[in-house]
Amino acid sequence: MNDHLLSILLGIVEGLTEFLPVSSTAHLRIVEALVHVDLHDGFWKMYTVVIQLGAILALPIYFWRRILKFLSTFPRGERGDRTIFTHPLSLTAIAFVVTAVPAWALTKQIGKNLESLWVMALALLIGGIVMWIIDVIFARPRVTHMEEMSLPQAIWIGAAQILSAVFPGTSRSMSTIAAGQVAGLSRPAALEFSFFLSMPTMVVATGYDFIKTIGPYRHSDFEQRLAPFAMNAHEWIVVAIGFVISFVVALGVVAWFMNWVREKGFGPFAIYRIILGLALLGLLWGGAI
């Protein structure tokens with residue numbers, strides 16, 4: 001496939017799936033396997049990180065008013081009933097730390113699973129079933145706004161997010177949204193906190209991946225890992241296309257998803273995950289990919 005068309009395709013896939021509870025990692029890995037992208041190529045590793053950064057940029061753009069409001073009301077909150085430990089920004093930071101420390105300790109295990117389509121297929125299937133059950137059972141929330149969240153709820157959601165790091169295909173969004181619902185958050189509140197938590201989580205994770213991709217950790221890898229800094233004009237265009245498309249698509253998805261969830265819930269995404277997981281298991285079992 002032409003590199004420009006491939007970049008458009010991967011940018012669309014990343015933008016569509018990064019913030020939906022369906023696992024962008026699994027979707028990118030499936031598409032890359034189908035179109036035979038070399039996952040060990042330094043350029044394409046770096047490209048994947050860059051388009052993720054494009055998707056991340058959509059969140060502060062979409063939530064800029066909320067972010068400014070939180071900053072202006074820190075630490076007492078808009079209603080004056082928050083503390084330095086229970087303000088929404090503090091809860092986001094705490095949940096991030098709860099995720100980051102264990103995830104860093106499990107880096108080697110995460111690396112082993114990142115390219116395993118079998119792990120992703122099972123995570124999609126099991127995660128879809130769990131998500132469907134939770135969306136049906138926990139339909140009477142106690143917390144309807146992110147400003148009403150408690151410290152234990154934030155810690156619980158941060159701990160649940162570890163699953164998405166260890167088992168790609170689980171989906172960071174699915175883990176945090178489902179955990180939020182179990183903790184008593186409404187669908188919109190769980191989704192909004194998931195979006196806010198994803199900002200530091202994804203920035204640090206993709207930043208780490210970028211450094212790991214271009215950093216000369218071993219002498220034998222030096223030229224390959226340093227290659228992204230010596231890209232030619234064609235490669236720069238390919239990366240720019242993926243970044244812009246990922247950003248634009250992700251921005252549209254975030255706006256649409258917030259409105260969708262207020263009215264219809266997460267059931268259709270759970271069904272999609274189950275179908276995709278079963279289909280992927282079938283393809284793997286038959287040796288198609």
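The table below lists the values:
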item	result
Residues (farther than 25 Å from TRP132 by Cα, modelled with pLDDT under 95 and in a helix (DSSP H, G or I)) located in the stretch 244-289	TRP285, GLY286
Scope the stretch 129-151; condition free of Cβ contacts under 8 Å to residues at least 60 places away in the same chain and either touching a strand residue (DSSP E or B) at 6+ places or on another chain (Cβ under 6 Å) or not in a helix (DSSP H, G or I) (or both); matching residues	PHE138, ALA139, ARG140, PRO141, ARG142, VAL143, THR144, HIS145
Residue count for the stretch 74-94, restricted to those that are touching a Gly at 6+ places or on another chain (Cβ under 9 Å) and either surrounded by fewer than 12 Cβ atoms within 10 Å (Cβ to Cβ) or at positive phi (or both)	1
Test for ALA154: is it modelled with pLDDT of 90 or more and either in a helix (DSSP H, G or I) or open to solvent by less than 70 Å² (accessible area, probe 1.4 Å) (or both)	yes
Single condition PHE96 does not satisfy, out of (1) closer than 17 Å to PHE195 by Cβ; (2) not in a helix (DSSP H, G or I)	(2)
Matching helices (runs of 4 or more DSSP H) fully within the stretch 1-90 where at least 3 residues are under 14 Å from PHE247 (Cα atoms) and within 17 Å of the chain's Cα centre (by Cα)	3-17, 42-62
Of all residues in the stretch 175-231 being over 27 Å from TRP132 (Cβ atoms) and charged (D, E, K, R), the one that is modelled with the lowest pLDDT	GLU223
Residue list for the stretch 1-37, filter: of a type in the set (D, E, K, R) and farther than 18 Å from LEU284 by Cα	ASP3, GLU14, GLU18
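The values are calculated or read from the model by the stated rules, or taken from the named source; none is laboratory data. Since the model is a prediction, treat every value here as computed from it, not as a measurement. Positions of Cβ are generated from backbone atoms using ideal geometry, with glycine treated the same way; all protein chains shown enter the neighbour counts. Accessible surface is based on the protein model in full, side chains and every heavy atom, while ligands, DNA and RNA are left aside. Shrake-Rupley method; radii C 1.70, N 1.55, O 1.52, S 1.80 Å.
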